[in-house]
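Below is one structure, written out as C-alpha coordinates, with a few remarks after it.
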Amino acid sequence: MLKRTLLAAVAGSAMMGGSAAMAEDLTIALASEPSAMDPHFHNLGPNNAITRHIYEPLVLQDENQGLTPGLATDWGPTDDPLVWEFELREGVTWHDGSEFTAADVAFTVERAQNVPNSPSSFATYLGEIAEVEIVDDHTVRFHTEEPAPLMANNLSTVYIVSEAHGEGAATEDYNSGEAAIGTGPYKFVDYTPGDSVVMEANEDYWGDAPEWDTVTFRPITSASSRVAALLAGDVDVVEAVPTADIESMRETEGVNLYQGISNRVIYIHLDSDRDVTPHIQGPDGGEIDNPLQDVRVRQALSIGIDREAIVEEVMEGVAIPAGQLLPDGFFGVSDNIEVPEYDPDRARELLEEAGYGDGFQMTVHGPSGRYINDEAVLQAVAQMWTRLGIDTSVDAIPVSVYFGRASNLEFSVMLVGWGAGSGEASSPLRALLATHDPDSGFGSTNRGRYSSEEMDSLLREALVTVDDDERARLLAEATEIAMEEVGLIPTHFQVNTWGTRDGLVYEPRTDEYTLATSVSPAE
(Lines give C-alpha, C1' and ligand atoms only; values in the text may rest on other atoms or scores of the structure.)
Protein backbone atom coordinates (compact mmCIF):
# COMPACT_ATOMS: atom_id res chain seq x y z
CA MET A 1 0.00 0.00 0.00
CA LEU A 2 2.86 2.35 0.70
CA LYS A 3 4.68 3.87 -2.19
CA ARG A 4 8.21 2.72 -1.74
CA THR A 5 9.55 6.19 -2.34
CA LEU A 6 8.99 6.88 1.33
CA LEU A 7 11.02 4.43 3.27
CA ALA A 8 12.52 4.72 6.70
CA ALA A 9 15.94 6.20 6.19
CA VAL A 10 18.96 5.29 8.21
CA ALA A 11 21.19 8.28 8.64
CA GLY A 12 23.81 9.74 10.86
CA SER A 13 25.07 6.43 12.15
CA ALA A 14 28.37 6.88 13.93
CA MET A 15 29.81 3.40 13.81
CA MET A 16 32.77 3.81 16.08
CA GLY A 17 34.08 0.29 15.99
CA GLY A 18 34.37 -1.96 19.00
CA SER A 19 33.05 -5.40 19.58
CA ALA A 20 29.57 -6.49 18.66
CA ALA A 21 27.04 -6.64 21.44
CA MET A 22 27.08 -9.98 23.18
CA ALA A 23 24.74 -9.19 26.04
CA GLU A 24 21.69 -11.40 26.31
CA ASP A 25 19.72 -8.75 28.15
CA LEU A 26 18.55 -5.51 26.63
CA THR A 27 17.40 -2.31 28.31
CA ILE A 28 15.45 0.26 26.34
CA ALA A 29 14.61 3.77 27.52
CA LEU A 30 11.19 5.00 26.43
CA ALA A 31 10.26 8.65 26.09
CA SER A 32 6.64 8.03 26.94
CA GLU A 33 5.16 5.46 29.24
CA PRO A 34 2.36 3.18 28.04
CA SER A 35 -0.96 3.78 29.73
CA ALA A 36 -1.81 0.08 29.95
CA MET A 37 -0.66 -3.41 29.01
CA ASP A 38 -4.12 -4.23 27.72
CA PRO A 39 -3.61 -4.32 23.92
CA HIS A 40 -7.17 -3.09 23.32
CA PHE A 41 -7.57 -0.41 25.98
CA HIS A 42 -5.99 2.59 24.32
CA ASN A 43 -5.04 2.94 20.65
CA LEU A 44 -1.86 4.82 21.49
CA GLY A 45 1.59 4.43 19.95
CA PRO A 46 3.49 3.60 23.18
CA ASN A 47 0.85 1.02 24.10
CA ASN A 48 0.78 -0.55 20.66
CA ALA A 49 4.58 -0.72 20.49
CA ILE A 50 5.18 -2.37 23.83
CA THR A 51 2.30 -4.83 23.65
CA ARG A 52 3.49 -5.78 20.15
CA HIS A 53 6.17 -7.88 21.85
CA ILE A 54 3.58 -10.01 23.66
CA TYR A 55 0.70 -10.12 21.18
CA GLU A 56 0.46 -10.30 17.41
CA PRO A 57 -2.09 -9.38 14.74
CA LEU A 58 -3.24 -11.63 11.93
CA VAL A 59 -1.24 -9.50 9.51
CA LEU A 60 2.08 -7.95 10.50
CA GLN A 61 3.54 -4.67 9.30
CA ASP A 62 7.20 -4.43 8.35
CA GLU A 63 9.37 -1.38 9.09
CA ASN A 64 7.67 0.55 6.27
CA GLN A 65 4.18 -0.69 7.17
CA GLY A 66 4.10 -3.13 4.31
CA LEU A 67 1.86 -6.10 5.09
CA THR A 68 3.41 -9.50 5.80
CA PRO A 69 2.03 -12.74 7.26
CA GLY A 70 1.48 -12.79 10.99
CA LEU A 71 -0.91 -15.13 12.74
CA ALA A 72 -2.51 -15.54 9.32
CA THR A 73 -0.52 -17.03 6.47
CA ASP A 74 -2.88 -16.08 3.68
CA TRP A 75 -5.91 -13.84 3.25
CA GLY A 76 -8.16 -12.21 0.71
CA PRO A 77 -11.75 -11.73 -0.44
CA THR A 78 -13.63 -14.83 -1.49
CA ASP A 79 -15.82 -15.10 -4.59
CA ASP A 80 -18.31 -13.19 -2.49
CA PRO A 81 -16.87 -9.65 -2.22
CA LEU A 82 -18.58 -9.29 1.17
CA VAL A 83 -16.60 -12.16 2.68
CA TRP A 84 -12.87 -12.20 3.47
CA GLU A 85 -11.16 -15.44 4.40
CA PHE A 86 -8.02 -15.72 6.53
CA GLU A 87 -6.00 -18.91 6.83
CA LEU A 88 -4.47 -19.07 10.30
CA ARG A 89 -0.96 -20.24 11.04
CA GLU A 90 -0.88 -23.76 12.43
CA GLY A 91 1.34 -24.84 15.29
CA VAL A 92 1.18 -21.49 17.10
CA THR A 93 0.77 -21.72 20.87
CA TRP A 94 -0.07 -19.18 23.50
CA HIS A 95 2.48 -18.47 26.18
CA ASP A 96 0.74 -20.97 28.45
CA GLY A 97 1.21 -23.72 25.84
CA SER A 98 -2.40 -23.88 24.64
CA GLU A 99 -3.20 -23.78 20.93
CA PHE A 100 -4.08 -20.61 19.01
CA THR A 101 -7.31 -21.12 17.03
CA ALA A 102 -9.98 -19.23 15.13
CA ALA A 103 -12.06 -18.94 18.31
CA ASP A 104 -9.43 -16.54 19.68
CA VAL A 105 -9.82 -14.37 16.59
CA ALA A 106 -13.60 -14.19 16.97
CA PHE A 107 -13.25 -13.35 20.65
CA THR A 108 -10.74 -10.59 19.87
CA VAL A 109 -12.96 -8.88 17.30
CA GLU A 110 -15.71 -8.63 19.88
CA ARG A 111 -13.53 -7.59 22.81
CA ALA A 112 -11.39 -4.99 21.04
CA GLN A 113 -14.45 -2.88 20.28
CA ASN A 114 -15.90 -3.00 23.77
CA VAL A 115 -13.21 -2.30 26.36
CA PRO A 116 -14.75 -0.18 29.14
CA ASN A 117 -13.46 3.39 29.49
CA SER A 118 -11.21 3.15 26.43
CA PRO A 119 -9.81 6.64 25.67
CA SER A 120 -9.29 5.67 22.00
CA SER A 121 -11.01 2.53 20.80
CA PHE A 122 -9.95 0.04 18.15
CA ALA A 123 -13.54 -0.02 16.95
CA THR A 124 -12.44 2.31 14.19
CA TYR A 125 -10.64 -0.65 12.56
CA LEU A 126 -13.27 -3.31 13.19
CA GLY A 127 -16.61 -1.61 12.66
CA GLU A 128 -16.96 -2.94 9.11
CA ILE A 129 -17.08 -6.55 10.33
CA ALA A 130 -20.71 -7.64 10.61
CA GLU A 131 -20.05 -11.29 11.47
CA VAL A 132 -17.12 -13.57 12.22
CA GLU A 133 -17.53 -17.08 10.86
CA ILE A 134 -15.31 -19.84 12.26
CA VAL A 135 -14.92 -22.30 9.39
CA ASP A 136 -12.55 -24.55 11.31
CA ASP A 137 -9.78 -24.12 13.88
CA HIS A 138 -7.49 -22.51 11.33
CA THR A 139 -9.86 -20.75 8.96
CA VAL A 140 -11.93 -17.70 9.72
CA ARG A 141 -14.17 -15.57 7.53
CA PHE A 142 -15.22 -11.97 8.07
CA HIS A 143 -18.59 -10.98 6.67
CA THR A 144 -19.22 -7.34 5.84
CA GLU A 145 -22.24 -5.42 4.68
CA GLU A 146 -20.18 -3.62 2.04
CA PRO A 147 -16.90 -4.42 0.24
CA ALA A 148 -13.96 -3.90 2.61
CA PRO A 149 -10.76 -3.45 0.58
CA LEU A 150 -8.81 -2.35 3.67
CA MET A 151 -9.65 -5.43 5.73
CA ALA A 152 -6.05 -6.65 5.91
CA ASN A 153 -4.70 -3.17 6.69
CA ASN A 154 -7.21 -2.69 9.45
CA LEU A 155 -6.63 -6.09 11.01
CA SER A 156 -2.89 -5.45 11.03
CA THR A 157 -3.55 -2.94 13.83
CA VAL A 158 -5.46 -5.27 16.16
CA TYR A 159 -3.61 -7.74 18.38
CA ILE A 160 -5.17 -11.15 18.93
CA VAL A 161 -5.72 -12.20 22.53
CA SER A 162 -6.51 -15.57 24.07
CA GLU A 163 -10.18 -16.29 24.60
CA ALA A 164 -9.39 -18.54 27.54
CA HIS A 165 -7.52 -15.80 29.37
CA GLY A 166 -9.45 -12.82 28.05
CA GLU A 167 -13.01 -13.95 28.76
CA GLY A 168 -14.25 -11.65 31.50
CA ALA A 169 -10.81 -10.07 31.95
CA ALA A 170 -10.56 -6.35 32.60
CA THR A 171 -7.73 -4.02 31.65
CA GLU A 172 -6.39 -4.45 35.19
CA ASP A 173 -5.98 -8.18 34.56
CA TYR A 174 -3.74 -7.48 31.57
CA ASN A 175 -1.79 -4.91 33.58
CA SER A 176 -1.19 -7.39 36.38
CA GLY A 177 -0.11 -10.08 33.95
CA GLU A 178 -2.93 -12.46 34.86
CA ALA A 179 -4.48 -12.17 31.40
CA ALA A 180 -1.31 -11.12 29.55
CA ILE A 181 -0.91 -14.35 27.59
CA GLY A 182 0.06 -13.78 23.98
CA THR A 183 1.69 -15.56 21.06
CA GLY A 184 4.48 -13.03 20.53
CA PRO A 185 8.26 -13.38 20.79
CA TYR A 186 8.36 -12.14 24.39
CA LYS A 187 6.41 -13.07 27.50
CA PHE A 188 5.09 -10.71 30.14
CA VAL A 189 7.12 -10.76 33.37
CA ASP A 190 6.34 -7.55 35.22
CA TYR A 191 4.71 -4.16 34.73
CA THR A 192 5.41 -1.52 37.35
CA PRO A 193 3.83 1.77 36.24
CA GLY A 194 6.32 4.60 36.37
CA ASP A 195 9.27 2.24 36.63
CA SER A 196 9.56 -0.58 34.10
CA VAL A 197 8.09 -3.29 31.93
CA VAL A 198 10.03 -6.54 31.91
CA MET A 199 9.69 -9.38 29.39
CA GLU A 200 11.46 -12.64 28.72
CA ALA A 201 12.03 -14.56 25.51
CA ASN A 202 9.34 -16.94 24.32
CA GLU A 203 11.39 -20.06 23.64
CA ASP A 204 8.48 -21.64 21.76
CA TYR A 205 7.94 -18.72 19.41
CA TRP A 206 6.82 -19.77 15.93
CA GLY A 207 9.03 -17.22 14.16
CA ASP A 208 12.71 -16.38 14.39
CA ALA A 209 14.09 -16.97 17.88
CA PRO A 210 14.12 -13.79 20.00
CA GLU A 211 17.53 -12.10 20.08
CA TRP A 212 17.41 -11.23 23.78
CA ASP A 213 16.80 -13.34 26.85
CA THR A 214 15.18 -10.51 28.75
CA VAL A 215 14.12 -7.04 27.75
CA THR A 216 13.51 -4.23 30.21
CA PHE A 217 11.70 -1.09 29.11
CA ARG A 218 12.27 1.93 31.33
CA PRO A 219 10.21 5.10 30.84
CA ILE A 220 12.57 8.07 31.12
CA THR A 221 10.46 11.02 30.09
CA SER A 222 13.20 13.61 30.63
CA ALA A 223 15.09 13.84 27.34
CA SER A 224 18.35 14.86 28.98
CA SER A 225 18.11 12.03 31.49
CA ARG A 226 17.40 9.59 28.69
CA VAL A 227 20.53 10.62 26.80
CA ALA A 228 22.58 10.61 30.00
CA ALA A 229 21.44 7.07 30.70
CA LEU A 230 22.67 5.95 27.28
CA LEU A 231 26.01 7.72 27.61
CA ALA A 232 26.49 6.25 31.09
CA GLY A 233 25.75 2.75 29.84
CA ASP A 234 22.66 2.38 32.01
CA VAL A 235 20.53 1.59 28.98
CA ASP A 236 21.33 0.08 25.58
CA VAL A 237 18.81 1.89 23.39
CA VAL A 238 16.94 5.19 23.67
CA GLU A 239 14.08 6.50 21.57
CA ALA A 240 13.30 10.13 20.82
CA VAL A 241 16.83 11.48 20.99
CA PRO A 242 16.26 15.20 21.59
CA THR A 243 16.78 17.29 18.50
CA ALA A 244 19.16 19.62 20.32
CA ASP A 245 21.54 16.72 21.07
CA ILE A 246 21.66 15.05 17.67
CA GLU A 247 24.67 16.85 16.24
CA SER A 248 26.80 16.43 19.36
CA MET A 249 25.86 12.78 19.73
CA ARG A 250 26.93 12.10 16.17
CA GLU A 251 30.42 13.04 17.30
CA THR A 252 30.29 10.98 20.48
CA GLU A 253 32.28 7.77 20.55
CA GLY A 254 30.38 4.68 21.52
CA VAL A 255 27.01 5.97 20.36
CA ASN A 256 25.12 5.23 17.15
CA LEU A 257 22.15 7.23 15.83
CA TYR A 258 19.44 6.03 13.47
CA GLN A 259 16.76 8.25 11.92
CA GLY A 260 13.52 7.51 10.11
CA ILE A 261 10.58 9.39 8.65
CA SER A 262 7.38 8.92 10.61
CA ASN A 263 3.76 8.46 9.59
CA ARG A 264 2.83 10.66 12.55
CA VAL A 265 1.29 14.05 11.98
CA ILE A 266 1.32 16.52 14.84
CA TYR A 267 -1.87 18.52 14.70
CA ILE A 268 -4.20 20.77 16.64
CA HIS A 269 -7.77 19.77 17.26
CA LEU A 270 -10.32 22.57 17.53
CA ASP A 271 -13.68 22.36 19.28
CA SER A 272 -15.83 23.40 16.34
CA ASP A 273 -18.99 21.84 17.77
CA ARG A 274 -20.15 23.34 21.06
CA ASP A 275 -21.88 26.72 21.16
CA VAL A 276 -19.78 27.64 24.19
CA THR A 277 -16.40 26.02 24.70
CA PRO A 278 -14.72 25.85 28.11
CA HIS A 279 -11.35 27.50 27.52
CA ILE A 280 -12.23 30.46 25.33
CA GLN A 281 -13.50 33.75 26.75
CA GLY A 282 -14.00 37.24 25.46
CA PRO A 283 -11.26 39.89 25.67
CA ASP A 284 -12.62 40.88 29.10
CA GLY A 285 -12.80 37.29 30.35
CA GLY A 286 -16.54 36.97 29.92
CA GLU A 287 -18.41 34.13 28.23
CA ILE A 288 -18.70 34.31 24.45
CA ASP A 289 -20.07 32.12 21.71
CA ASN A 290 -17.52 29.60 20.47
CA PRO A 291 -15.51 31.40 17.74
CA LEU A 292 -14.09 28.08 16.50
CA GLN A 293 -17.45 27.31 14.91
CA ASP A 294 -16.57 29.93 12.29
CA VAL A 295 -14.37 28.49 9.55
CA ARG A 296 -12.77 31.91 9.06
CA VAL A 297 -11.42 31.77 12.61
CA ARG A 298 -10.10 28.28 12.06
CA GLN A 299 -8.45 29.38 8.81
CA ALA A 300 -6.92 32.36 10.62
CA LEU A 301 -5.46 30.08 13.28
CA SER A 302 -4.01 27.80 10.60
CA ILE A 303 -2.27 30.48 8.54
CA GLY A 304 -1.27 32.21 11.76
CA ILE A 305 1.15 29.35 12.44
CA ASP A 306 4.61 29.67 10.93
CA ARG A 307 5.26 25.99 10.24
CA GLU A 308 8.70 26.58 8.76
CA ALA A 309 9.73 28.35 11.96
CA ILE A 310 8.44 25.48 14.06
CA VAL A 311 10.47 23.01 12.02
CA GLU A 312 13.65 25.07 11.91
CA GLU A 313 13.63 26.73 15.32
CA VAL A 314 11.66 24.38 17.57
CA MET A 315 12.38 21.04 15.91
CA GLU A 316 16.00 21.91 15.00
CA GLY A 317 15.25 21.06 11.37
CA VAL A 318 14.34 17.46 12.26
CA ALA A 319 10.71 17.50 11.07
CA ILE A 320 8.68 18.20 7.93
CA PRO A 321 6.04 21.00 7.66
CA ALA A 322 2.55 19.54 7.27
CA GLY A 323 -0.50 20.67 5.32
CA GLN A 324 -2.40 17.38 5.46
CA LEU A 325 -2.57 14.10 7.34
CA LEU A 326 0.32 12.05 5.94
CA PRO A 327 3.65 12.87 4.29
CA ASP A 328 4.18 12.53 0.56
CA GLY A 329 4.40 8.96 -0.61
CA PHE A 330 1.66 7.46 1.55
CA PHE A 331 -1.49 6.07 -0.04
CA GLY A 332 -4.35 8.58 -0.33
CA VAL A 333 -2.28 11.75 0.05
CA SER A 334 -3.53 14.70 -2.04
CA ASP A 335 -1.19 16.31 -4.54
CA ASN A 336 -3.40 19.40 -4.49
CA ILE A 337 -2.74 20.44 -0.90
CA GLU A 338 0.10 22.81 -0.17
CA VAL A 339 1.48 23.52 3.27
CA PRO A 340 -0.43 26.66 4.37
CA GLU A 341 1.72 29.74 3.98
CA TYR A 342 2.30 31.80 7.10
CA ASP A 343 0.29 34.99 6.63
CA PRO A 344 -0.44 36.85 9.88
CA ASP A 345 -1.89 39.88 8.07
CA ARG A 346 -4.49 37.79 6.27
CA ALA A 347 -5.16 35.94 9.54
CA ARG A 348 -6.01 39.21 11.26
CA GLU A 349 -8.30 40.13 8.35
CA LEU A 350 -10.13 36.83 8.70
CA LEU A 351 -10.59 37.39 12.43
CA GLU A 352 -11.95 40.88 11.70
CA GLU A 353 -14.34 39.50 9.08
CA ALA A 354 -15.56 36.91 11.56
CA GLY A 355 -16.26 39.59 14.17
CA TYR A 356 -13.26 38.89 16.35
CA GLY A 357 -11.12 41.87 15.49
CA ASP A 358 -10.63 42.51 19.21
CA GLY A 359 -9.49 38.93 19.68
CA PHE A 360 -10.39 36.68 22.61
CA GLN A 361 -8.72 34.73 25.38
CA MET A 362 -7.82 31.10 24.80
CA THR A 363 -5.97 28.27 26.55
CA VAL A 364 -4.25 25.65 24.44
CA HIS A 365 -3.75 22.24 26.02
CA GLY A 366 -1.23 19.57 25.15
CA PRO A 367 0.72 16.64 26.53
CA SER A 368 4.02 17.03 28.31
CA GLY A 369 6.62 14.69 26.87
CA ARG A 370 4.50 12.58 24.54
CA TYR A 371 5.76 14.04 21.25
CA ILE A 372 9.12 15.47 20.28
CA ASN A 373 9.43 18.98 21.79
CA ASP A 374 5.68 19.09 22.36
CA GLU A 375 5.73 21.75 25.07
CA ALA A 376 8.03 23.95 22.98
CA VAL A 377 5.71 23.57 20.00
CA LEU A 378 2.77 24.59 22.18
CA GLN A 379 4.58 27.67 23.39
CA ALA A 380 5.60 28.65 19.87
CA VAL A 381 2.07 28.30 18.52
CA ALA A 382 0.67 30.28 21.45
CA GLN A 383 3.10 33.11 20.78
CA MET A 384 2.16 33.18 17.10
CA TRP A 385 -1.54 33.33 17.91
CA THR A 386 -1.02 35.99 20.54
CA ARG A 387 0.54 38.13 17.80
CA LEU A 388 -2.78 37.88 15.96
CA GLY A 389 -4.57 39.44 18.93
CA ILE A 390 -5.70 36.18 20.55
CA ASP A 391 -4.48 36.17 24.15
CA THR A 392 -3.26 32.57 24.22
CA SER A 393 -1.95 30.66 27.23
CA VAL A 394 -0.56 27.11 27.41
CA ASP A 395 -1.38 24.26 29.75
CA ALA A 396 0.90 21.22 29.24
CA ILE A 397 -0.41 18.17 31.09
CA PRO A 398 1.26 14.86 32.04
CA VAL A 399 0.56 12.15 29.50
CA SER A 400 -0.94 9.85 32.12
CA VAL A 401 -3.99 12.08 32.43
CA TYR A 402 -3.90 14.16 29.26
CA PHE A 403 -5.55 11.83 26.79
CA GLY A 404 -8.34 10.83 29.13
CA ARG A 405 -9.24 14.46 29.67
CA ALA A 406 -8.96 15.19 25.96
CA SER A 407 -11.33 12.33 25.15
CA ASN A 408 -13.75 13.68 27.76
CA LEU A 409 -13.83 16.88 25.69
CA GLU A 410 -12.45 18.99 28.53
CA PHE A 411 -10.42 21.16 26.15
CA SER A 412 -11.17 23.69 23.44
CA VAL A 413 -7.89 23.60 21.52
CA MET A 414 -5.44 20.75 21.95
CA LEU A 415 -2.18 19.52 20.49
CA VAL A 416 -2.20 15.84 19.56
CA GLY A 417 -0.40 13.46 17.22
CA TRP A 418 -1.70 10.61 15.06
CA GLY A 419 0.24 7.82 13.47
CA ALA A 420 -1.57 6.13 10.62
CA GLY A 421 -1.70 2.62 12.00
CA SER A 422 -2.95 1.14 8.74
CA GLY A 423 -0.36 3.05 6.71
CA GLU A 424 -2.81 4.98 4.54
CA ALA A 425 -5.07 8.04 4.66
CA SER A 426 -8.31 6.43 5.74
CA SER A 427 -6.81 5.89 9.20
CA PRO A 428 -6.61 9.57 10.23
CA LEU A 429 -9.69 10.51 8.19
CA ARG A 430 -11.87 7.93 9.86
CA ALA A 431 -10.52 8.39 13.39
CA LEU A 432 -9.90 12.15 13.57
CA LEU A 433 -12.26 13.83 11.12
CA ALA A 434 -15.24 11.61 10.38
CA THR A 435 -18.41 12.56 12.22
CA HIS A 436 -18.32 11.05 15.70
CA ASP A 437 -20.41 7.87 15.74
CA PRO A 438 -19.70 5.36 18.52
CA ASP A 439 -21.82 2.69 16.84
CA SER A 440 -19.71 2.57 13.67
CA GLY A 441 -16.40 3.57 15.25
CA PHE A 442 -16.18 6.59 12.95
CA GLY A 443 -14.69 9.66 14.56
CA SER A 444 -13.56 7.61 17.53
CA THR A 445 -10.77 10.12 18.26
CA ASN A 446 -12.48 13.16 16.78
CA ARG A 447 -11.97 15.34 19.85
CA GLY A 448 -12.89 18.50 17.98
CA ARG A 449 -16.17 17.00 16.75
CA TYR A 450 -15.64 18.39 13.25
CA SER A 451 -18.39 17.12 10.96
CA SER A 452 -18.87 17.27 7.20
CA GLU A 453 -21.50 15.26 5.36
CA GLU A 454 -19.59 15.66 2.10
CA MET A 455 -16.33 14.43 3.60
CA ASP A 456 -18.07 11.56 5.37
CA SER A 457 -19.70 10.52 2.10
CA LEU A 458 -16.41 10.48 0.20
CA LEU A 459 -14.69 8.57 2.99
CA ARG A 460 -17.42 5.95 3.16
CA GLU A 461 -17.32 5.55 -0.61
CA ALA A 462 -13.53 5.14 -0.48
CA LEU A 463 -13.76 2.48 2.19
CA VAL A 464 -15.85 0.23 -0.07
CA THR A 465 -14.00 0.98 -3.29
CA VAL A 466 -11.87 -1.97 -4.36
CA ASP A 467 -10.02 -0.21 -7.17
CA ASP A 468 -6.85 1.20 -5.60
CA ASP A 469 -6.51 4.23 -7.87
CA GLU A 470 -10.12 5.25 -7.37
CA ARG A 471 -9.90 4.73 -3.61
CA ALA A 472 -6.77 6.86 -3.46
CA ARG A 473 -8.55 9.62 -5.38
CA LEU A 474 -11.54 9.55 -3.03
CA LEU A 475 -9.33 9.66 0.05
CA ALA A 476 -7.39 12.58 -1.37
CA GLU A 477 -10.60 14.45 -2.15
CA ALA A 478 -11.97 13.82 1.34
CA THR A 479 -8.72 15.14 2.77
CA GLU A 480 -8.95 18.28 0.63
CA ILE A 481 -12.41 19.05 2.02
CA ALA A 482 -11.33 18.54 5.62
CA MET A 483 -8.25 20.71 5.18
CA GLU A 484 -10.19 23.45 3.38
CA GLU A 485 -12.66 23.54 6.27
CA VAL A 486 -9.82 23.26 8.81
CA GLY A 487 -11.29 20.26 10.56
CA LEU A 488 -7.94 20.23 12.30
CA ILE A 489 -4.64 22.05 11.88
CA PRO A 490 -1.66 19.88 10.89
CA THR A 491 1.65 21.46 11.93
CA HIS A 492 4.43 18.99 11.10
CA PHE A 493 5.44 15.38 10.54
CA GLN A 494 7.91 13.90 12.96
CA VAL A 495 11.31 12.52 12.00
CA ASN A 496 12.45 10.17 14.74
CA THR A 497 15.91 9.47 16.06
CA TRP A 498 16.99 6.43 18.03
CA GLY A 499 20.32 6.08 19.83
CA THR A 500 22.12 2.86 20.69
CA ARG A 501 25.32 2.03 22.45
CA ASP A 502 28.15 0.82 20.29
CA GLY A 503 27.72 -2.68 18.96
CA LEU A 504 23.98 -2.41 18.40
CA VAL A 505 21.99 -1.59 15.29
CA TYR A 506 18.42 -0.23 15.24
CA GLU A 507 16.10 -0.49 12.25
CA PRO A 508 13.86 2.64 12.10
CA ARG A 509 10.14 2.20 11.54
CA THR A 510 7.61 4.58 10.04
CA ASP A 511 5.18 3.67 12.83
CA GLU A 512 7.70 5.01 15.37
CA TYR A 513 7.60 1.78 17.35
CA THR A 514 10.66 1.03 19.46
CA LEU A 515 10.87 -2.75 19.34
CA ALA A 516 13.37 -5.11 20.86
CA THR A 517 12.93 -7.16 17.69
CA SER A 518 14.33 -4.22 15.71
CA VAL A 519 17.56 -4.20 17.74
CA SER A 520 20.35 -6.50 16.64
CA PRO A 521 24.06 -6.89 17.31
CA ALA A 522 26.27 -5.11 14.79
CA GLU A 523 28.04 -7.50 12.45
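Before moving on, here are some points about what is shown:
- Qualifying positions in segment 241-296 - among the aliphatic types (A, V, I, L, M) and open to solvent by less than 10 Å² (accessible area, probe 1.4 Å): Val241, Ile246, Met249, Val255, Leu257, Val265, Ile266, Ile268, Leu270, Ile280, Leu292
- Sole residue being within 20 Å of the chain's Cα centre (by Cα), aliphatic (A, V, I, L, M) and open to solvent by 10 Å² or more (accessible area, probe 1.4 Å), chosen from Val495, Val464: Val495
- Flag for Ala322 being out of contact with any Lys or Arg (no Cβ under 6 Å at 6 or more places or on another chain) and closer than 16 Å to Gly417 by Cα: yes
- Among residues of segment 467-477 being over 17 Å from Thr124 (Cα atoms) and open to solvent by less than 20 Å² (accessible area, probe 1.4 Å), the one that is modelled with the lowest pLDDT is Arg471.
Matching residues to (1) in contact with a strand residue (DSSP E or B) (Cβ under 8 Å, 6 or more places away or on another chain); (2) at pLDDT below 95:
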| position | (1), (2) |
| --- | --- |
| Ser19 | no, yes |
| Glu24 | yes, yes |
| Pro39 | no, no |
| Leu67 | yes, yes |
| Asp96 | no, no |
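- Close pairs from segment 428-456: first surrounded by fewer than 19 Cβ atoms within 10 Å (Cβ to Cβ), partner part of a helix (DSSP H, G or I), Cβ under 7 Å, at least 6 apart: Thr435/Asp456; Ser452/Ile481; Ser452/Ala482; Glu454/Ile481
- Single unsatisfied condition, Pro69 versus (1) farther than 30 Å from Gln259 by Cα; (2) surrounded by fewer than 20 Cβ atoms within 10 Å (Cβ to Cβ); (3) in contact (Cβ under 8 Å) with a residue 12 or more places away in the chain: (1)
- Lone unmet requirement of (1) surrounded by fewer than 24 Cβ atoms within 10 Å (Cβ to Cβ); (2) under 30 Å from Met199 (Cβ atoms); (3) in contact with a helix residue (DSSP H, G or I) (Cβ under 9 Å, 6 or more places away or on another chain) for Pro521: (3)
- Neighbours by Cβ (under 7 Å, 6+ apart or cross-chain): first from segment 95-113, farther than 21 Å from Lys187 by Cβ; second hydroxyl-bearing (Ser, Thr, Tyr): Ala102/Thr139; Gln113/Ser121
- Lone qualifier among Asp190, Asp213, Asp273, Asp236 - being under 30 Å from Ser412 (Cα atoms) and either at pLDDT below 95 or charged (D, E, K, R) (or both): Asp273
- Test result for Thr124, at pLDDT below 95 and either open to solvent by 10 Å² or more (accessible area, probe 1.4 Å) or touching a Ser or Thr at 6+ places or on another chain (Cβ under 7 Å) (or both): yes
- Residues in segment 216-232 that are in a loop (DSSP other than H, G, I, E, B) and open to solvent by 60 Å² or more (accessible area, probe 1.4 Å): Thr221, Ala232.
- Matching option when the condition is under 19 Å from Ile266 (Cα atoms) and among the small types (Gly, Ala, Ser), among Gly443, Gly499: Gly443
- Scan of segment 299-330 for residues that are open to solvent by 20 Å² or more (accessible area, probe 1.4 Å) and either among the charged types (D, E, K, R) or in contact with a Gly (Cβ under 7 Å, 6 or more places away or on another chain) (or both), ordered by number: Asp306, Glu308, Glu312, Glu313, Glu316, Asp328
The values are calculated or read from the model by the stated rules, or taken from the named source; none is laboratory data. This is a predicted model, so every value here is computed, not measured. Methodologically, a virtual Cβ is constructed for each residue, glycine included, from the backbone with ideal geometry; neighbour enumeration extends over all protein chains shown. Each accessible area value is taken on the protein alone, full model and side chains, heavy atoms only, with ligands, DNA and RNA left out. Shrake-Rupley method; radii C 1.70, N 1.55, O 1.52, S 1.80 Å.
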